[in-house]
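The values are calculated or read from the model by the stated rules, or taken from the named source; none is laboratory data. Since this is a predicted model, take the numbers as computed values, not measurements. Cβ atoms come from the backbone with ideal geometry, glycine included; neighbour counts cover every protein chain shown. Accessible surface is based on the protein model in full, side chains and every heavy atom, while ligands, DNA and RNA are left aside. Shrake-Rupley method; radii C 1.70, N 1.55, O 1.52, S 1.80 Å.
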Amino acid sequence: MQQRCLYAAVCAAVSVCWLPLSRAFVAPAFRRSAAASPRSTTLWSSLDSQLYVRVPDIDKVAAESSVYVRGRLHAFRSKGNSCFLVLRQSGGSTVQACLFKDTEDPERSKELLKFLKSIPEESIIDIQGTVKPARVSSCTQKNVEIHILSAHLVSSCTQQLPFSVRDAARSPAEVMESQETERPIPVIGQDLRLDHRWLDLRTPANQAIMRVKAHMASAFRQQLIQAGFVEIFSPKLVPGQSEGGAEVFRTDYFGQQVCLAQSPQLYKQMAISSDLDRVFEIGPVFRAEKSRSRRHLCEFTGLDLEMSILHTYQEALLLVYNVLQRMFEDAEASLGDLLATVREQYPSEPLLLTDEPVILTYKDALQLLRSAGESMSDFDDLSDEQEQKLGRIVHDEYGTDLFAVDQYPRSLRPFYTMPSDTDADYSNSYDLFLRGQEIASGAQRINNPAQLKQAMDSGGLPTDSPSIQAYIKSFEHGCPPHAGAGLGLDRIATLFLGLDNASP
């Protein structure tokens, strides 16, 4: 009995609150529908599916049907005794709604038109109307429109917008071309966009970018789970530095100095020592790098994995390569509408991929660059420009935008990297590149504690911090050979979509 009373109270609250009582111009039938909220075990179905129709589904509704739609007022124009407005929903779906003079009740249609004219752009409104066949080129719903019967203001945009969402959704080329015309489109700078990120994210392209990134993170997770990996969640407040570097954000932890984790690297390896065998993590990574390049972020989403190996570290290299290739192929195959939306504002070509992995040694990569006019010693690191040049060479000669470079000089890699068995100047390490930029860095790790201590001593790294001592001790208790990689979701999505910046 008590549970039934509680459930009735919840239903009553929902039936009152689901349609906010702000400003409205509604027909009596709309009021009756709002008040008659059925008390069933499928409240969400009752309130959403039966009363409201999502914009992407309107063309599936029979003509002359009455529907309810909630969305943002994307655009409005009036002409005489009629008006046309565009409703936009999450994801960028749009539909045209129209109001024409009602000859049987002209006074009412006049009042409704006045009400609609008073609603600011980007406000959230409810529309009740009739679905009609139509030809509409300016909306995603191109074959139907809604003839308005009533309207309700759910949430008003009370502040003047710093920029129009419609202008923010225009391509850079369109904006530049308009500057020489009588009606130039405002140039919306990145600082203004970031200062009002919630508005900028309303554009169809940015909505699509967010969904593509979410899809890629999900694809990474699902592929690794299917391959027997366990997802872990490592600490982000750590004593000392994650990898012995100086580029860390420091903070106070109850009187003790700690830093934000640069990487889950040490924890991944300790998880292997814990017999988890294969682990991965998706989480925030912090780098205190004072860089103004378009490829660096102080905080980004890391995609990390570590796995025990049986014969060779290239087991991990091939796994990472295949995960990325399947991720990209799946995105192109299943996210066609989202990719088209992004490419409409930010044009790019789909990735060029090969059936078999393209893996070069570091020596091979240097030889390709030297043949293209670069002067480099055997142990020089690749600059950003040289990486991009190598990407163009590989694209032209091997027919792929995704490739790996293996066997990096030992001097270019972190202390825990396993030296090469065949040449002590090189290491069992690799990077993966997309469109000429690094998207993943990995290696076999040293799992012998004496060798690890020697590597740290040689690099002048302290071994007395509690976190490093625990790290070394995990190998003293026995740890299998292992390898892994760290990737950046933001950079992967940026390069996959051919964007100029990680936060367009």
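For residues that are of a type outside the set (S, T, N, Q) and farther than 20 Å from G442 by Cα, tally how many sit in segment 357-377.
To start, the set of residues in segment 357-377 that are of a type outside the set (S, T, N, Q) comprises 357-360, 362-366, 368-370, 372-374, 376.
Subsequent filtering for residues that are farther than 20 Å from G442 by Cα retains 368-370, 372-374, 376.
Residues flagged as of a type outside the set (S, T, N, Q) and farther than 20 Å from G442 by Cα within segment 357-377 amount to 7.
When S138, S109, S150, S123 are checked against the criterion of being assigned by the TED database to the domain that holds V67, of a type in the set (S, T, Y) and modelled with pLDDT of 95 or more, S123 stands alone in meeting it. The residue that is nearest to the chain's Cα centre (by Cα), counting only those in segment 85-114 that are farther than 22 Å from L201 by Cα and surrounded by 18 or more Cβ atoms within 10 Å (Cβ to Cβ), is A97. Selection of segment 322-339 for residues being within 16 Å of the chain's Cα centre (by Cα) and either under 22 Å from S429 (Cα atoms) or of a type in the set (A, V, I, L, M, F, W, C) (or both) yields L324, M327, F328, A331, L335, L338, L339. Can you find a residue that is touching a residue at least 40 places away in the same chain (Cβ under 8 Å) and among the basic types (K, R) anywhere in segment 454-476? No: zero hits. Here V394 meets the list (1) open to solvent by 10 Å² or more (accessible area, probe 1.4 Å); (2) more than 24 Å from E306 (Cβ to Cβ) almost entirely, failing just condition (1). The single residue among L351, L276, L319 that is open to solvent by 50 Å² or more (accessible area, probe 1.4 Å) and either at positive phi or more than 16 Å from the chain's Cα centre (by Cα) (or both) turns out to be L276. Looking only at segment 137-175, count how many residues are more than 27 Å from the chain's Cα centre (by Cα), among the polar types (S, T, N, Q) and open to solvent by less than 60 Å² (accessible area, probe 1.4 Å). Going through segment 137-175 one residue at a time, the tally reaches 3.
Selection of segment 186-204 for residues being among the aliphatic types (A, V, I, L, M) and open to solvent by less than 20 Å² (accessible area, probe 1.4 Å) yields only L199. Within segment 384-437, the residues that satisfy the criterion of being aliphatic (A, V, I, L, M) and either touching a His at 6+ places or on another chain (Cβ under 9 Å) or in contact (Cβ under 8 Å) with a residue 60 or more places away in the chain (or both) are L402, A404, M418, L432, L434.
For segment 390-409, a tally of residues being touching a Ser or Thr at 6+ places or on another chain (Cβ under 9 Å) and of a type outside the set (S, T, Y) returns 9.
Filtered by the rule that a residue be open to solvent by 40 Å² or more (accessible area, probe 1.4 Å) and in contact (Cβ under 8 Å) with a residue 12 or more places away in the chain, segment 205-225 gives R211, K213, H215, R221. When segment 471-486 is filtered for residues that are open to solvent by less than 10 Å² (accessible area, probe 1.4 Å), more than 11 Å from I272 (Cα to Cα) and assigned to a strand (DSSP E or B), only A485 remains. Do we have any residue at all in segment 251-268 that's touching a His at 6+ places or on another chain (Cβ under 7 Å) and touching a residue at least 12 places away in the same chain (Cβ under 8 Å)? The answer is no, given that none of the residues of segment 251-268 is touching a His at 6+ places or on another chain (Cβ under 7 Å) and touching a residue at least 12 places away in the same chain (Cβ under 8 Å). Residue pairs whose Cβ atoms lie under 8 Å apart, sitting 6 or more positions apart in sequence or on different chains, and linking a residue in segment 60-78 that is in contact (Cβ under 8 Å) with a residue 12 or more places away in the chain to a partner that is in a strand (DSSP E or B) and aromatic (F, W, Y), are F76/F84; S78/F84.
Looking at T400, T463, T417, which is the one that is among the hydroxyl-bearing types (S, T, Y), open to solvent by 10 Å² or more (accessible area, probe 1.4 Å) and in contact with a helix residue (DSSP H, G or I) (Cβ under 8 Å, 6 or more places away or on another chain)?
T463
Restricting attention to segment 403-456, the residues that are outside any loop (DSSP other than H, G, I, E, B), among the acidic types (D, E) and closer than 20 Å to H311 by Cβ add up to 1. Among the residues of segment 288-314, those identified as farther than 20 Å from T417 by Cα and not small (G, A, S) are E289, K290, R292, R294, R295, H296, L297, C298, E299, F300, T301.
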